[in-house]
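Here's the structure, in structure tokens; my notes come after.
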Amino acid sequence: MLNMKEVKGWFDSDKWDIGYLTKEQLKICSLTPIKAQYQHAQGWNFTNDIFFNWVGICNGIVLIRHSSISLDYLLYEEATEILNENGLKEETDWAHVYTNFKEALILSGRGVRARNSLVYNYRFGFDSKVCVIGFMEMIQNPPNIKRVAGNNFKDEFWHKCIGCDACREVCPVGAIHNNEDVNWLDSSACDT
């Protein structure tokens, strides 16, 4: 039987931030659309579809690592190594789940959506990479996370975004429209 405290102990707390997701929250992440699958897709693809093969996934964790390198996806290999070293077998006990990582950060209580549409991790800020692990066995003693309606907004963590337009002002393609009645991001401008 897995225990959240034990699972967290496998990951060096100086390098990793860890959140918990129920099966329902994993489904919400999977059914929340993503623009496109540009990121290195590891594991089972749970994006932009309605027919996911859950194969016994009961719950999951969100693993966050600091990285300022845009294409650094070594956390997948590191997470695999750590889980294997602790006696868990990939695709028997756990699997990488490729899903809407922004939503996973928010639902796990590990981040908040900023005005530039990115998700700010409370520990590593914007300079982080995320992977999600689905477990076939229930994790016991998950953390109690008080979720705030809407965006899990916590002023004590994300006070810098209030009244700030710095991201919009420095965006090289003018994609961020957060000074209007409706805040939106022009993703086609980001792609160019």
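The values are calculated or read from the model by the stated rules, or taken from the named source; none is laboratory data. Quick caveat: nothing in here was measured; it's all calculated off a predicted structure. When we count neighbours, we look across all protein chains shown, and the Cβ atoms used for this are built from the backbone with ideal geometry, even at glycine. The protein model used for the area step is the full one, side chains on, heavy atoms only, and it has no ligands, DNA or RNA in it. Shrake-Rupley method; radii C 1.70, N 1.55, O 1.52, S 1.80 Å.
Scan the stretch 110-165 residue by residue and report those that are modelled with pLDDT of 75 or more, on the phi > 0 side of the Ramachandran plot, assigned to a loop (DSSP other than H, G, I, E, B) and within 18 Å of the chain's Cα centre (by Cα). Within the stretch 110-165, SER117 is the sole residue that qualifies. Return yes or no: is ASP12 within 25 Å of GLN140 (Cβ to Cβ), of a type in the set (D, E, K, R), assigned to a loop (DSSP other than H, G, I, E, B) and modelled with pLDDT of 90 or more? Answer is yes for this residue.
The single condition among (1) polar (S, T, N, Q); (2) free of Cβ contacts under 8 Å to residues at least 60 places away in the same chain; (3) in contact with a Cys (Cβ under 6 Å, 6 or more places away or on another chain) that THR99 does not satisfy is (2).
Across the stretch 58-87, the qualifying residues are those that are assigned to a strand (DSSP E or B) and open to solvent by less than 60 Å² (accessible area, probe 1.4 Å), and the one among them that is farthest from GLN25 (Cα to Cα) is ARG65. When only residues in the stretch 88-109 that are over 9 Å from the mean Cα position of the chain (by Cα), among the charged types (D, E, K, R) and modelled with pLDDT of 90 or more count, which is least open to solvent (accessible area, probe 1.4 Å)? Ranking the qualifying residues of the stretch 88-109, first place goes to ASP93.
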